[in-house]
Number of protein chains: 2
Amino acid sequence: MPPADQTQPVFRALADPTRRAIISMLADGPRAIGDIAAEFDMTRPAVAKHLAILKEGGVIAVETKGRERINRLEPEALKTAADWLSYFDRFWDDRLAKLKTVVEKSS
Amino acid sequence: MPPADQTQPVFRALADPTRRAIISMLADGPRAIGDIAAEFDMTRPAVAKHLAILKEGGVIAVETKGRERINRLEPEALKTAADWLSYFDRFWDDRLAKLKTVVEKSS
DNA sequence: TTGACATAATACCAAAAGGTTTCATACAAA
DNA sequence: TTTGTATGAAACCTTTTGGTATTATGTCAA
């Protein structure tokens with residue numbers, strides 16, 4: 001059985017396309033809210049709400065720097081979701097799943 | 001950048017804990033709706049709605065057999081989500097990510 | 001210290017999500 | 001053919017979600 005549910009806040013964070021776009025964006029480096037909002041056809045408060053949900057899921061960390069709030073990707077949270085899905089690897093790629101197991105155990 | 005958005009219906013399907021439980025359940029084999037609903041503290045129509053969303057995401061396939069409708073896991077759809085997340089592998093395990101790339105290219 | 005900027009916080013709204021109840025339909029089996 | 005089972009479908013309700021607009025707060029810079 002896949003791991004139990006501490007996954008909920010992460011999958012919730014992943015459920016919205018805007019939030020997934022923000023995640024991709026932050027993969028290139030940390031950014032302030034206004035900077036992020038500028039890339040979407042959406043008001044800043046709306047983006048701020050998405051960031052709050054991402055933070056609840058542990059997907060980002062926020063650091064106040066002067067009057068800016070810098071949002072940084074926290075990729076370990078994504079691993080939670082990836083791990084849940086990895087249980088199903090065996091259905092689409094038995095060979096790779098087995099190899100991964102070997103590699104992970106050897107670390 | 002991670003793959004563009006055909007991911008939405010899949011991530012939507014994954015967003016609800018009941019639906020993830022159904023996915024886990026169907027990993028053990030196909031089941032009829034009533035059979036699934038019996039395992040949840042929820043009415044059958046509610047479960048049927050979840051199944052409809054899972055089907056929209058391509059996560060399950062439905063086959064009518066007499067008066068039963070058998071729900072079967074369609075794991076390729078989960079791969080869509082796993083692939084999106086795999087882009088971020090590099091953040092938590094560079095070594096494994098590189099190895100995976102090698103293995104996948106060699107197939 | 002005044003003004004501009006970056007954000008927080010609040011109130012509000014419409015639509016979607018998650019659930020229920022009720023009723024209709026279709027197949028199976030006696 | 002009648003009865004029970006498995007499901008579909010519609011109507012309805014409540015809460016959450018995703019968005020807006022507006023107002024307030026704190027910080028930098030002239």
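The values are calculated or read from the model by the stated rules, or taken from the named source; none is laboratory data. Note that the coordinates shown come from a computational prediction; the quantities given were computed from them, not determined experimentally. Please note: Cβ atoms are built from the backbone with ideal geometry, for glycine as well, and neighbour counts cover all protein chains shown.
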**Fill in**
Given (1) away from every other protein chain (no Cβ under 14 Å); (2) surrounded by fewer than 14 Cβ atoms within 10 Å (Cβ to Cβ); (3) within 17 Å of the chain's Cα centre (by Cα), A:ASP28 misses just (1)
**Prompt:** When you go through A:PHE11, A:PHE40 one by one, which is the residue that is modelled with pLDDT of 95 or more, within 11 Å of DNA strand C (Cβ to nearest atom) and aromatic (Phe, Trp, Tyr)?
**Reply:** A:PHE11
**Message:** Being outside any helix (DSSP H, G or I), surrounded by 14 or more Cβ atoms within 10 Å (Cβ to Cβ) and over 13 Å from the mean Cα position of the chain (by Cα) is the filter here; which residues of region B:35-86 pass it?
**Reply:** B:PHE40, B:VAL62, B:ARG69, B:ILE70
**Message:** Whether any residue in region B:29-36 is at pLDDT below 95 and among the small types (Gly, Ala, Ser) is what I want to check.
**Reply:** no
**Request:** All but one of (1) in contact with a helix residue (DSSP H, G or I) (Cβ under 9 Å, 6 or more places away or on another chain); (2) modelled with pLDDT of 95 or more hold for B:GLU63, so report the exception by its number.
**Result:** (1)
**Asked** What are the pairs, 6+ residues apart or on separate chains, where a residue within region B:57-68 that is away from chain A (no Cβ under 14 Å) has its Cβ under 9 Å from a residue that is more than 9 Å from DNA strand D (Cβ to nearest atom) and not hydroxyl-bearing (Ser, Thr, Tyr)?
**Response** B:VAL62/B:LYS55; B:VAL62/B:ARG72; B:GLU63/B:PRO30; B:GLU63/B:ARG72
